[in-house]
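The values are calculated or read from the model by the stated rules, or taken from the named source; none is laboratory data. If you're wondering where the values come from, they're calculated on a predicted model, not measured in any experiment. As a convention, Cβ positions derive from the backbone with ideal geometry for all residues, glycine included, and neighbour counts pool all protein chains shown.
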Amino acid sequence: MRTAGEIVRSDLIDLRGRQLDRTADRLIADLNLNLSLRVRSVQALAVMLGAELRDDNQALLHRMLGNLQQASPEFETIALANPQGRVLVATDSSLEGANVADREWFVFGRQGSKKGEVRLLPMLKQTLSGVAAGISGPFVGLIAAVVDGEGETVGLVGTRLSVLWLLDFAESMQEELRGVAGTQALLLDRDGVVLIGSEGLKGKRLGVPGDTPERAVAAPAGDVVANSAAHPARVERLADGKRYLVAHASPAAGDVLNTLGWRVVVLQPVQYAGQGDRLMQIQITAVLLGLGALAALLGVFLARRVTRDLDAITRSAEAVRRGATQQISVPPGHSEAARLGGALNELLRWLQRERAALQALNAELDQRVIARTREIERLAEQERYAAVVRERLKIARDLHDTLAHSMMAMLSEVRLLKRLWSSHPEAMAEELIRAEKAAHEGLQEARAAIAAMRFNPVRDVGLAAALDDFVGRFSERSGIPVDYTSDASIGAFADERAETLFRIAEEALRNVERHARATRVTVSLDIHPGSDGATLTISDNGLGFDADATYPGHYGLAGLREQATLIGAELTVSSVARQGTTIRVALAKAMDS
């Protein structure tokens, strides 16, 4: 049968174990809150960058990154990279322009990144601030996707969170354990290595019995991670041979801190945990000797004092909830109630500061969204006007390519008929037949132009197939053989630029038919080696002409150059008398459609 002293000692150790459990829980909750606030800051920055990310907005992007670093100096480095891994802006100017596509944080952020998510990555190296502060272990990377208004990922923002934010946590641990003899709190990473603790333990793996490697690995999403309630404090013998009262606390599955797998361990030597057993034995002896009444009065006094302090804290917390006050009433002294009130008051001030900062960020974001909306509306109106102008120019070019040529041919026939009327009336019959044929051809070309406006072969079958069909019909109509080649990889090219290349080819071949007197034509559509560009080349062996001369009233070449300029292509014309003409249209980038 156990003695009264053994019972008292066992009860004291059990009571102290529950106190250590609560201490570990408070510490892990405080650390999780600290990390959550910084995650939200990165989330807010990613949203703002998504609204402002443009090539002409470098100064504003720099200012936004600098504002976050100034507000939270623990962000040692903040960088914004495009989806290809090139750093656009960074708080460290030496990183700007660098390619980080193979960096661990960029690869990690690209995997499964989505809007509103901040991914945490424990890095393998220490930060300079960690070395200076004497804190071992890795630092933390926070990576968030930057998403534009259309839901497309346009970049990644990565931050390197130094150990400066852990220094405040270390001070809170020391404050939490102040006055408790022999007690120390340790922060461990997922492998059990001590990140924060006494100088003799920093950087070492804590060999706590029961702390198996399976416990040390962070659980996947959806698993329940054990906290201090599932692992109550217990007496264990550590590697130094001493017996300790050990309490564990791990973050819950839904907590941000759970991603890192960090946890808190609170240790107290057993001899300190049971220091009050002698006093308790004396008090029990005093109770047995008839001092029960005094002990009862003392118990009532202490209970009323603790209850009064807790009641004051409760009333002030309720007043804060109603908005009647802005702080928690902290009882005087160094009691548990006083420490609890102080911790709650400090937490309230912290939350108020963070809420004010978030409100300021939200207000600025709202203003940016309003300005961005107005700019989009203005650009949309300009784009609608530009579309109307482009359509007018296209109709003008089509009229020139069809009706202008036909009317010119008919005008030539009419002038010839006038001359024949006075000089050779007998030849008028044959020329009337030619005039009728020219009018018929003009009518066919006008109908073909109207049909082209209604039917778009390039959009339907692609540029290569549309050109193949057109040169075949050209060769049958004109009797001029055509050698046509095209690169197989350009078969799917069918956007507005492809239509323009097709129109240039139509106009060039019409000129060959009417003016060149050629016996052979070559048409090729090639992809530039090692790039996404394309070149359309049309050559004939006809009469040739002076490509540098001007021809008043003729707009063929001018129209071709205008069309090429509209799609960002370069058109060159080379011609030698009696050696033919070559027209080349080079498009710098064709395969991004």
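Kindly state which helices (runs of 4 or more DSSP H) lie completely within region 266-326 and contain at least 3 residues that are at pLDDT 70 or above.
Hits in region 266-326: 270-273, 292-322.
Within the set of pairs 6 or more residues apart or between chains, which connect a residue that is closer than 25 Å to residue 62 by Cβ and among the aliphatic types (A, V, I, L, M) inside region 95-119 to a residue that is in a helix (DSSP H, G or I) and modelled with pLDDT of 85 or more with Cβ atoms less than 6 Å apart?
Sorted first by the residue in region 95-119, then by its partner, the pairs are 100/106; 118/39; 118/42; 118/43.
Just to be sure before I move on: is residue 77 touching a helix residue (DSSP H, G or I) at 6+ places or on another chain (Cβ under 8 Å), in contact (Cβ under 8 Å) with a residue 60 or more places away in the chain, of a type outside the set (Asp, Glu) and within 16 Å of residue 143 (Cβ to Cβ) in the structure I sent?
Considered against the rule, which asks whether it is touching a helix residue (DSSP H, G or I) at 6+ places or on another chain (Cβ under 8 Å), in contact (Cβ under 8 Å) with a residue 60 or more places away in the chain, of a type outside the set (Asp, Glu) and within 16 Å of residue 143 (Cβ to Cβ), residue 77 comes out as yes.
Can you name the residue in region 430-452 that is surrounded by fewer than 12 Cβ atoms within 10 Å (Cβ to Cβ) and at pLDDT 75 or above and, of all such residues, is farthest from residue 510 (Cα to Cα)?
In this case the residue turns out to be 430.
Just to be sure, is residue 571 assigned to a loop (DSSP other than H, G, I, E, B), modelled with pLDDT of 85 or more and farther than 21 Å from residue 462 by Cβ?
Taking the combined requirement at face value, the residue does not satisfy it.
Out of 540, 483, 469, 460, I need the residue that is surrounded by fewer than 16 Cβ atoms within 10 Å (Cβ to Cβ) and either under 19 Å from residue 581 (Cα atoms) or in contact (Cβ under 8 Å) with a residue 40 or more places away in the chain (or both). Which one?
483
List every residue pair whose Cβ atoms lie under 7 Å apart, where the two residues are 6 or more positions apart in sequence or sit on different chains, the first residue falls within region 363-375 and is basic (Lys, Arg), and the second residue, located anywhere, is assigned to a helix (DSSP H, G or I).
Between residues of region 363-375 that are basic (Lys, Arg) and residues that are assigned to a helix (DSSP H, G or I), the close pairs are 368/48; 368/51; 368/52; 372/51.
Of everything in region 6-28, what is of a type in the set (Ser, Thr, Tyr) and either in contact with a strand residue (DSSP E or B) (Cβ under 7 Å, 6 or more places away or on another chain) or under 17 Å from residue 197 (Cα atoms) (or both)? Give them in sequence order.
Within region 6-28, 23 is the sole residue that qualifies.
When region 150-162 is examined, which residues are found to be without any contact (Cβ under 8 Å) to a residue 40 or more places away in the chain and of a type outside the set (D, E, K, R)?
Within region 150-162, 151 is the sole residue that qualifies.
Determine which member of the set 80, 35, 88, 61 is within 21 Å of residue 153 (Cβ to Cβ) and not in a strand (DSSP E or B).
From the options 80, 35, 88, 61, the qualifying one is 61.
Looking only at region 416-444, count how many residues are closer than 23 Å to residue 477 by Cβ and aliphatic (A, V, I, L, M).
The qualifying residues number 6.
Residue 361: surrounded by 15 or more Cβ atoms within 10 Å (Cβ to Cβ), part of a helix (DSSP H, G or I) and either among the aliphatic types (A, V, I, L, M) or not assigned by TED's automatic domain parsing to the domain that holds residue 173 (or both), yes or no?
Answer is yes for this residue.
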